[in-house]
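The values are calculated or read from the model by the stated rules, or taken from the named source; none is laboratory data. No experiment lies behind these values; they were computed from the predicted model shown. Glycine also receives a Cβ, built like all others from the backbone with ideal geometry; neighbour counts cover every protein chain displayed.
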Amino acid sequence: MEKVRNKNFVDLTKNVCNFICSRILDLISVVLICFLILVLMGRATEVVARVGGIELDSLKYRGATLYWEAGNPMHNEKLEVFYTVIDSLTDNARKEYSLDENSIKFYYFTDKAWEYFTSDIDVEILAYQAGGEVFLGPESVNSDQIDSNNELAVTLIHEYVHAVQSSHQDYISYYARDVGWQGNEKPEEDENFYKVLSDYSLENPLEDMAETYGYSYLCGNNLEDLSEVRLQYINEFWSVPREEYCRDFH
Ligand SMILES: [Zn+2]
């Protein structure tokens, strides 16, 4: 009798286990199907918790994550520029400086959110970088300049280079020394030092490198005006010749 009771107990336990297991499997299937539906509908963006009362959506593309205010995505034309630059930084930059090794979060904000995020900064800025995060203001993405796609590409490379500087401090130190900076001071008698692509390069070593790399990404910019040392650094940053990595956007 005792034995029969035991057998019933074992059967009951087995049934309960089977029931629970099959419910768990059902639940997993439902979650997978929902996820698949969202992916197929192109809505696989991840909604991030509110930042300063601002709800963000995001997408991942290679080593980059792009965040934007829910309801205010980047225009498709600008998104294409973003993808192209990300491809270049992933496929054509030397491995240690590539996006594969330096993943970055990009934030694109429209006016209100930009005001919130830059309220502590005194000067008016178009974009900035902090560690592995790059913040793009409305003007840097939607400028009304004729060349605005090219400007966006330069800004993306510029801010990315700042992020690389923050994780490769030897790299920027060597660059500054080799280019001719004396700390943050400019040498007085060194003609080569002043051969740059933009005046803002002469602000300090960090901006020198970011501007030089940014503007040299555009095929249309002639690099003959650049000092030999800067040119060498650019050539070493990319793993392919300039004809292959440079781009033009219209
Ligand atoms: Zn800068």
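Please indicate, with yes or no, whether at least one residue in segment 89-101 is of a type in the set (Ser, Thr, Tyr), out of contact with any His (no Cβ under 9 Å at 6 or more places or on another chain) and either touching a residue at least 60 places away in the same chain (Cβ under 8 Å) or buried (at least 16 other Cβ atoms within 10 Å of the Cβ) (or both). Spell out the reasoning first.
If we filter segment 89-101 for residues that are of a type in the set (Ser, Thr, Tyr), which is where we start, we get 90, 97-98.
So of that shortlist, the ones also out of contact with any His (no Cβ under 9 Å at 6 or more places or on another chain) come out as 90, 98.
Next, from what is left, pick out any that are either touching a residue at least 60 places away in the same chain (Cβ under 8 Å) or buried (at least 16 other Cβ atoms within 10 Å of the Cβ) (or both): 90, 98.
Yes: one or more hits.
So which of 247, 230 is more than 14 Å from the ligand (Cβ to nearest atom) and closer than 20 Å to residue 170 by Cβ? Walk me through how you get there before you give the answer.
On the way: 247 fails: closer than 20 Å to residue 170 by Cβ.
Selected residue: 230, the only one of 247, 230 that is more than 14 Å from the ligand (Cβ to nearest atom) and closer than 20 Å to residue 170 by Cβ.
Going by the structure shown, is residue 84 in contact with a strand residue (DSSP E or B) (Cβ under 8 Å, 6 or more places away or on another chain), part of a strand (DSSP E or B) and either at pLDDT 95 or above or among the β-branched types (Val, Ile, Thr) (or both)?
When the stated conditions are applied, residue 84 does not pass them.
Just to be sure I understand the filter: pairs with C-beta atoms under 7 Å, separated by 6 or more residues or on different chains, first member in segment 236-250 and touching a residue at least 24 places away in the same chain (Cβ under 8 Å), second member charged (D, E, K, R). Which pairs pass?
236/94; 237/94; 238/94; 239/94
Just a yes or no: is a residue in segment 207-220 surrounded by fewer than 18 Cβ atoms within 10 Å (Cβ to Cβ), over 22 Å from residue 173 (Cβ atoms) and away from the ligand (no atom under 14 Å from the Cβ)?
Yes: segment 207-220 contains one or more residues that are surrounded by fewer than 18 Cβ atoms within 10 Å (Cβ to Cβ), over 22 Å from residue 173 (Cβ atoms) and away from the ligand (no atom under 14 Å from the Cβ).
Quick check, is residue 199 within 16 Å of the ligand (Cβ to nearest atom) and surrounded by fewer than 19 Cβ atoms within 10 Å (Cβ to Cβ)? Step through it out loud before you land on a result.
On the way: within 16 Å of the ligand (Cβ to nearest atom): yes; surrounded by fewer than 19 Cβ atoms within 10 Å (Cβ to Cβ): yes.
The answer is yes for residue 199.
Determine, yes or no, whether residue 126 is surrounded by 13 or more Cβ atoms within 10 Å (Cβ to Cβ), more than 16 Å from the ligand (Cβ to nearest atom) and closer than 23 Å to residue 248 by Cα.
In short, no.
Can you pull out every residue in segment 163-196 that is over 21 Å from residue 134 (Cα atoms) and in contact (Cβ under 8 Å) with a residue 40 or more places away in the chain?
Selection gives 175, 178, 179, 180.
Inside segment 102-213, counting only strands (runs of 3 or more DSSP E) that do not spill past its ends, which hold 3 or more residues that are modelled with pLDDT of 95 or more and not assigned by TED's automatic domain parsing to the domain that holds residue 83? So that I can check it myself, show each step before the final result.
Working: elements: 104-108, 127-130, 133-136.
Passing ranges: none, list empty.
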